[in-house]
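Where a number appears in this text, it was derived from the coordinates with a stated rule and is not lab data. Because the structure is predicted, anything quoted here is derived from the model rather than measured. Glycine gets a Cβ as well: all are built from the backbone with ideal geometry, and neighbour counts include every protein chain shown.
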Amino acid sequence: MGRLSTFRFASADRRLALLAEIERATEVPLIILSAAMIPLIAHMFVWESSPLSDSTAFTLYGAIWAIFVLELAVRVVVAPQRTRYLGQNWFDAAAALLPVARPLRIPLILLFGSHAYGRRIRFAHVDFLAGYAVGLVLLVATIVTSVEQGRGSPIASFGDALWWSVATVTTVGYGDVVPITTAGRACAYVLMLGGIGLFAALTANLATLLTRREEPEQPDTAALSREVRELRETLERLQERDPQP
């Protein structure tokens with residue numbers, strides 16, 4: 001909070017740097033929270049459930065929405081041009097007023113990749129891939145629960161669908177519960193294809209990260225070259241000052 005308290009006296013460049021830092025720190029957690037809102041919405045409005053579970057889902061939904069509003073308020077306060085920033089981030093502003101819109105970011109990202117394409121370098125990071133993997137699993141589990149529940153399917157609850165979704169996306173495939181409806185099987189195709197890409201990239205990035213940690217630190221060749229050049233220049237100056245007979 002100390003860093004935020006000084007933004008009022010900071011330059012526009014410093015504000016933009018702080019704003020970018022806040023966005024990077026909150027991006028993946030907000031992706032996961034956005035995905036978590038999807039089954040909560042379905043629980044309240046689509047699935048058959050008890051009043052107690054509906055009340056719990058509504059409380060969790062309200063808490064997540066409050067986090068979104070708080071995060072957006074912090075970004076707007078830090079931004080040097082608040083009106084322009086709100087215009088550029090109209091989707092987040094609309095989600096603050098209409099929280100049901102926030103989870104729409106997950107299917108848009110997964111299906112069209114517009115956000116990920118604009119940040120393709122960030123998309124290659126482990127935390128970013130893990131966030132979208134969680135979003136994909138929760139989204140598909142929610143849809144499968146909605147289309148399978150009450151139709152004599154082995155998937156009778158969100159817990160069953162989540163178990164099946166995780167087993168499918170990780171290519172384990174126990175086969176103890178499977179979708180039987182056409183829509184559920186279509187979701188299985190999406191999950192299989194999307195899971196192959198996401199988890200292959202996630203595994204590759206994790207392997208690269210572990211390999212880099214195990215490798216011994218390499219010397220900074222640029223720094224060594226700079227030191228050699230400085231030594232050479234120093235020797236040349238000494239030779240010019242005290243030439244050999």
Quick check on the exposure proxy: order Thr170, Thr181, Thr145 from fewest to most C-beta atoms within 10 angstrom. Thr170, Thr181, Thr145
In what order do Ser34, Ser49 fall by count of nearby beta-carbon atoms within 10 Å, going from fewest to most? Ser49, Ser34
What are the extents of the Cα atoms of region 124-208 along their three principal axes, listed from largest to smallest and rounded to whole Å? 45, 19, 19
